[in-house]
Amino acid sequence: MKVTFSLVIALFLSPALFAQGFQSAHFEISQLSDGVYAAIHKPGGYGICNAGIVNLGRETLVFDCCLSPEAARDLKRAAETLTGNPVKYVVNSHYHNDHVRGNQVFPDARIIATRRTRELMEQLAAAEVEDEKKYVDQQIADFTNNMAREEDSTKMTEHKLWLGYYQSMKSSHADYHVTLPDYLVDDSTSLKGKKRSVQLICKGSGHSESDMIMWLPAEKILFAGDLLFIGFHPWFGEADIPGWLSYLNYMKNLGPATVIPGHGRTGAVADLDEMSGYLISIEAILAEMVRNKIPANLIGAIHVPEKYNALYFRNFFTPGLTLQYQKKIRK
Ligand SMILES: [Zn+2]
């Protein structure tokens with residue numbers, strides 16, 4: 001086969017090849033469809049949450065945007081390189097630091113979120129940074145020591161994930177300024193592009209006080225934000241667990257072919273079922289705790305159910321139970 005200049009150019013410009021060849025220390029690009037990509041966090045990277053990149057036709061949308069602005073700059077470069085279009089929209093699925101702190105690297109984009117997400121950022125984001133500065137160096141030292149001593153490869157990955165989280169947090173402090181959403185959505189909205197449309201849907205509280213998912217009906221691709229964790233314990237400390245379960249049911253009924261979680265590998269409907277099963281087991285543990293009037297100082301002795309022993313982010317389990325238990329016994 002004669003390799004012509006135009007063939008070389010065509011291959012070079014192929015989004016699929018770009019996706020395979022796009023290198024970032026923070027995330028792995030996975031092509032989900034023509035013009036739709038997931039940026040999946042790499043352990044030790046500074047992205048922390050997964051992100052989505054959608055080519056709408058003349059403009060590009062980014063769904064969630066990393067903990068560290070340094071990783072977000074890579075995400076912006078990936079989005080513009082893969083689609084050939086500028087990023088016009090950035091969606092914050094909820095207010096947690098790893099989903100919003102990259103907003104500032106998209107000064108020309110509209111930042112989309114729910115009204116409540118913006119309020120929570122306004123109230124909490126600046127104080128959260130000041131609080132983080134008090135403990136971030138100690139956490140980096142602790143996880144560095146853990147890694148030096150660890151011999152178990154699974155636990156090593158866990159330490160690496162947490163070390164990456166705290167290093168990313170510290171990196172974000174260098175040049176972070178709170179950048180609030182300026183395009184507010186109360187329940188749902190559609191963004192129609194020349195090439196495709198996306199639906200942004202909020203059903204209220206779930207993982208956080210206000211969550212938003214993104215649904216691509218033609219491609220049956222769902223970006224679930226932190227309403228879905230795959231291979232990780234979810235953070236459920238501030239969750240509305242019944243609300244979260246109804247989100248999972250709603251997402252399942254959409255009939256997605258591909259689901260991108262906030263954390264973990266790309267998944268499918270079975271992973272939504274797994275997530276529901278996890279939350280139902282947490283509700284059962286909490287009901288038992290309430291029945292037995294467990295004193296707060298014994299919550300740390302409650303074991304992770306055996307089925308979930310292999311999940312990462314084990315450190316979420318006891319604080320999550322503690323916060324949910326406090327909420328239940330206050331009622
Ligand atoms: Zn979250």
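Read the figures in this text as sums done on the coordinates, not as results from a lab. Keep in mind the model is a prediction, meaning the values are calculated, not measured. Here Cβ is always computed from backbone atoms with ideal geometry, including for glycine, and neighbour counts include all displayed protein chains.
S281 label point, 7 Å along Cα→Cβ, cut-off 17 Å on backbone N: hits in the range 288-323?
288-289, 301-322
Provide the net charge surrounding D34, with neighbours chosen by a C-beta distance below 11 Å and charges set as Lys +1, Arg +1, Asp -1, Glu -1.
+1
Quick one: which residues, 5+ away or cross-chain, put their amide H under 5 Å from the amide H of G204? H built at 1.01 Å from N.
HN-HN under 5 Å from G204: D211.
Just to be sure I understand: with springs between alpha-carbon atoms less than 10 Å apart, which residue in T154, T258, T179 has the highest mean-square fluctuation in the Gaussian network model of the chain?
T154
Ranked highest first by average number of other Cβ atoms within 10 Å, how do 49-56, 197-204 line up?
Taking the mean over residues of other Cβ atoms within 10 Å, the ranking is 49-56, 197-204.
For helix 69-83, what angle does its Cα long axis make with the longest principal axis of the chain, in degrees from 0 to 90 and rounded to 10?
In the chain, helix 69-83 runs at an angle near 40 degrees to the longest axis.
Kindly provide the helix-only [θ] at 222 nm of the chain, computed as the sum of -39,500 (n - 2.57) over DSSP H runs of four or more divided by all residues, to the nearest 500 deg cm²/dmol?
Numbers: 9 runs with 144 residues, N = 331.
Here the helix-only value at 222 nm equals -14500 deg cm²/dmol.
Could you identify which residue out of V90, V62, V105 has the top mean-square fluctuation in a GNM of the chain using Cα springs shorter than 10 Å?
Highest fluctuation of the listed residues: V105.
List the relative contact order of the range 13-330 as a percent without decimals, with contacts defined as Cα pairs under 8 Å and 6+ residues apart.
Relative contact order, the range 13-330: 15 percent.
What ranking, highest mean first, results for peptides 32-44, 266-278, 91-103 when packing means the other Cβ atoms within 10 Å averaged over each residue?
Working: 32-44: 20.6, 266-278: 17.8, 91-103: 27.5.
Averaged packing, sorted descending, gives the order 91-103, 32-44, 266-278.
Connecting C-alpha atoms closer than 10 Å in a GNM of the chain, tell me which of A239, A257, A125 has the biggest fluctuation.
Ranking A239, A257, A125 by mean-square fluctuation puts A257 first.
What does the charge add up to near G225, with Lys and Arg as +1, Asp and Glu as -1, over the other residues with Cβ less than 9 Å from its Cβ?
-3
What's the magnitude of the charge dipole for the chain around its Cα centre, counting Lys and Arg as +1 and Asp and Glu as -1 at the beta-carbon? Answer in Debye, nearest 20.
Taking the Cα centre of the chain as origin, the dipole is about 600 debye.
Please give the net charge around R265, taking every other residue with its beta carbon less than 13 angstrom from that of R265, where Lys and Arg add +1 and Asp and Glu add -1. Please report the intermediate quantities before stating the final value.
On the way: positive: K42; negative: E28, D271, E274.
For residues surrounding R265, the net value is -2.
Check which residues have an amide H placed less than 5 Å from L32's amide H, if you skip close sequence neighbours.
Long-range HN contacts for L32: Y37, A38.
Helix 115-149 versus the longest principal axis of the chain: what is the Cα-based angle in degrees, 0 to 90, to the nearest 10?
That helix lies at roughly 80 degrees to the long axis.
Which aspartates and glutamates have a Cα lying under 15 Å from the Cα of K76, excluding residues fewer than 8 positions away in the same chain?
Correct list for K76: E28, E59, D64, D108.
Going down the list K307/K331; K88/K192; K203/K293; K155/K327; K88/K194, which pairs span over 22 Å between their C-alpha atoms? Spell out each step's value before the answer.
On the way: K307/K331 30 Å; K88/K192 12 Å; K203/K293 33 Å; K155/K327 31 Å; K88/K194 14 Å.
In this structure, K307/K331; K203/K293; K155/K327 exceed 22 Å between Cα atoms.
Once amide H atoms are placed 1.01 Å from N in the peptide plane, what residues at a sequence separation of 5 or more from H41, or on another chain, have their amide H within under 5 Å of its amide H?
Sorted by chain and number, the residues that satisfy this are E28, N50, A51, G264.
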